[in-house]
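For reference, the structure discussed in these notes is given below.
The values are calculated or read from the model by the stated rules, or taken from the named source; none is laboratory data. Computed from a prediction, not measured in an experiment: that's the story for all the values here. With ideal geometry, Cβ positions are generated from the backbone for all residues, glycine too; neighbour counts draw on all protein chains shown.
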Amino acid sequence: MTLIIILVVVGLIVLGLIFMYNSLVRLNTRTSEAWSDITVQLKRRYDLIPNLVNTVKGYATHEKEVFEKVTEARTQAMGAQGVAETAKAENQFQQTLKSLFAVAEAYPDLKANENFKELQAELVDTEDKIQASRRFYNGSVRDLNIKIQTFPTNLFANMLGFKKRDFFEVDEGEAANIQNPVDVKF
């Protein structure tokens, strides 16, 4: 009888460990998938930028410095590795894009250009998708980090190789812009 009780207890412990491991794998995979969604949307935006820059260049040829900064920021953002570095590069890239749009605002013919309007609409759509992907990723990171830090999973998560993930956050300047967005009219 004692042997049966011991086997049942051991079996329950093993089942509990299997459940914990599987839930950690599920959350870790969801977080990786969410990060992949962000990188897909960022790549889409990076692919749109050269077309946008070329369209603006046709109207504002003397704004060479702005175009160089946008191109440099795009290159840095594309080469960023990891969540923290990508977030930092993205924040810098956002600032250079704002300067490009400020240049575009000074050219009424450009604002009426169909190609520019289409590129702007695609960029706005992509920005919305990036924001949605960021929310999904941060939610996945939150769930994974909570699971890793709560008892009894915290006892085994580190031994099993699961680590906390970083959130993909906007900097404080971007957070202020979210509350008080810059009014750019095209």
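What the table shows:
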quantity	calculated
Residue that is among the charged types (D, E, K, R) and modelled with pLDDT of 50 or more, where the choices are K163, K185	K163
Residues that are surrounded by 13 or more Cβ atoms within 10 Å (Cβ to Cβ) and not in a helix (DSSP H, G or I), drawn from segment 110-159	N113
Selection within segment 74-90 - of a type in the set (G, A, S), surrounded by 14 or more Cβ atoms within 10 Å (Cβ to Cβ) and touching an Asp or Glu at 6+ places or on another chain (Cβ under 9 Å)	A77, A80, A87
Selection count where residues are part of a helix (DSSP H, G or I), free of Cβ contacts under 8 Å to residues at least 40 places away in the same chain, farther than 26 Å from R135 by Cβ and among the polar types (S, T, N, Q), scope segment 41-82	3
